[in-house]
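Read-outs: derived from the displayed coordinates by stated rules, not from any lab. From a predicted model like this one, the values you see are computed outputs, not experimental measurements. In this analysis, Cβ positions are derived from the backbone assuming ideal geometry, glycine residues included, and neighbour counts consider all displayed protein chains.
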Amino acid sequence: MDIQLKRGLLDVCVLAAIKDVPSYGYQIIKDMKPYVEMSESTLYPILRRLESAQLLTVQAAEHNGRLRKYYRITPAGVRRIEDFKMEWNEILSIYRFVTKGENHD
Amino acid sequence: MTKSEFLHRLSARLQALSENDRAAALTYWSEMIDDRMEDGMSEEDAVRAVGTPAEAAAQILGEALPPEPHKPQRKRKTWEIVLLILGSPVWLSLLIAAFAVLLSVYLSVWAVVISLWASAIAVTVTGPVSLVYGISCLIGADVSGGLLYIGAAFAFVGIGLSLFALSLWSAKEICALTARLLRRKNAPLKKEKGL
C-alpha cells in the first residue's frame with residue numbers, strides 16, 4: 001500500500017483505539033491486533049505525531065509502582081475520525097462504481 | 001537480551017537526539033517491555049517482541065528517505081562531451097562573436113572617456129590663447145573685444161578643468177566597475193584596461 005496512505009490510515013486506527021477510553025501503548029497494539037498488525041516501533045512515531053497535532057494528550061499515571069503513559073483522545077481527534085469516515089464513504093461509492101459491471105450474479 | 005541491555009543499545013543509537021527526546025523514547029520502550037512482562041511474558045520474550053534496538057531507533061529517528069535514484073553518470077558525460085564537440089563550430093563561433101561584441105562595447109565606453117580627456121585638453125588650452133588674444137585687443141584699444149576674450153579665457157579654463165575632473169572621475173568609475181565585474185565572473189578574461 002502507498003506509504004503515505006498507510007501512515008494516515010494507521011493514525012486514524014490509533015485514534016479509534018483510544019476513542020472511547022484512554023489507553024496505553026501495549027493495550028492499543030493488542031486492540032488493533034485482530035485488524036491490523038502494529039509493532040511498538042510503528043506505534044511510537046504515530047503517537048508522537050498525533051500528540052504534536054493535538055489529536056491526543058498524554059498523561060502519566062501510576063500503575064503497579066511504575067509510571068505508565070495513558071493516551072486520551074481530544075475533540076479534534078474525534079473530528080479526525082469523523083472526517084475519515086466521510087472520506088471513506090466517498091471512496092466506497094467510487095469503488096462500487098468502478099466494480100459495477102464486474103459482479104457476477 | 002535483557003531489558004537494560006536493550007535500552008542501553010537503543011540509547012546508544014539515539015545520540016543524535018536531544019536529552020528530552022532520547023529520554024522520552026527510552027521511557028516508551030521501557031514501558032512497552034514492562035507491559036508485556038506484566039502480561040506474562042518473560043523478560044527475554046518481552047524484549048524480543050518489541051523488536052530490535054535498530055528497528056526502534058530507525059522509527060524514532062524518522063523514516064529514512066528512499067535512496068536517490070542513481071543515474072549512471074559516466075554514460076551521460078561521454079555522450080554530452082561528444083555532442084559538445086560536434087556542435088562546436090556553431091556554439092564556439094557564437095561565443096566568439098558575443099565576446100567580440102562585448103569587447104567593442106567596453107572599448108567604446110573607454111573611447112568616450114578618452115574624448116572627454118581630449119575635449120578637456122582642447123578647451124583648457126584655448127584658455128591661455130584667448131587670454132593672449134584678449135590682451136592684444138586691449139593693447140590695440142579694443143576694450144570690449146579684449147574684455148570679451150579675457151573673460152572667455154577664464155570660462156575656457158574653468159570648463160576645461162571641469163572636463164578634466166569629469167573624465168578623471170569616469171575613468172575611475174569604469175575601472176572600479178571593470179574590477180567588480182571581473183571578480184564576479186571569476187574567469188579572468190583578457191586583462192582589460194583596468195588598474
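As an exercise, take the mean of 1/r over every pair of distinct alpha carbons in chain B, invert it, and state the Kirkwood radius in angstroms. Before the final figure, lay out each step's value.
Working: mean 1/r = 0.0381 Å⁻¹.
For chain B, inverting the mean 1/r across all distinct Cα pairs yields 26.2 Å.
In chain B, which longest range has no trypsin sites (Lys or Arg not before Pro) that are both DSSP loop (not H, G, I, E or B) and surrounded by at most 15 other Cβ atoms within 10 Å?
Numbers: sites that count: B:Lys190, B:Lys191, B:Lys193.
Between exposed loop sites, the widest span is B:1-189.
Among A:Tyr44, A:Tyr71, A:Tyr95, the largest mean-square fluctuation in a Gaussian network model of chain A (Cα springs under 10 Å) belongs to A:Tyr95. Between the listed residues B:Leu102, B:Val123, B:Ala23, the Cα displaced farthest toward the positive end of the dipole of chain B, a dipole computed from Cβ unit charges relative to the Cα centre, is found at B:Val123.
Look at the dipole of segment A:5-105 built from charges on Cβ: of A:Ile81, A:Tyr26, A:Leu15, the Cα furthest out on the positive end belongs to A:Tyr26. Size descriptors for the protein assembly as shown: radius of gyration and Dmax over Cα atoms are 42.7, 133 Å. Of the candidates A:Arg66, A:Arg80, A:Arg49, which one comes out as most mobile in a Gaussian network treatment of chain A with C-alpha springs shorter than 10 Å? For chain A, modelled as a Gaussian network with Cα springs under 10 Å, the answer is A:Arg66.
I want to check the label-to-label distance for B:Leu138 and A:Met86. Put each point 7 Å from Cα in the C-beta direction and report it in nm to one decimal. Taking the simple label geometry, B:Leu138 and A:Met86 are separated by 10.2 nm. R0 = 51 Å: FRET efficiency of A:Arg79 with B:Glu80, Cβ-based, nearest 0.05? For R0 = 51 Å, the calculated efficiency reads 0.40. Between B:Asp45 and B:Cys175, the contour length at 0.36 nm per residue exceeds the alpha carbon distance by 38.8 nm.
Its DSSP H runs of at least 4 residues, each contributing -39,500 (n - 2.57), put the calculated 222 nm mean residue ellipticity of chain A at -18500 deg cm²/dmol, to the nearest 500. Look at where the Cα atoms of segment A:1-33 and of segment B:150-178 average out, and the two centres are 83 Å apart.
Measuring against 30 Å, Cα to Cα, the residue pairs A:Lys30/A:Lys100; A:Lys33/B:Lys3; A:Lys33/A:Lys85; A:Lys6/B:Lys77; A:Lys6/A:Lys30 contain A:Lys30/A:Lys100; A:Lys6/B:Lys77 as the ones spanning a longer distance. Helix A:40-52 axis versus longest C-alpha principal axis of chain A: approximately 90°, rounded to the nearest ten.
On average, how much area does the Cα convex hull of chain A cover when viewed from any direction, in nm²?
Working: hull surface 34.2 nm².
Computing the convex hull of the Cα atoms and averaging its projections yields 8.5 nm².
Placing +1 on the Cβ of every Lys and Arg and -1 on the Cβ of every Asp and Glu, with nothing else charged, gives chain A a dipole about its Cα centre of roughly 400 debye.
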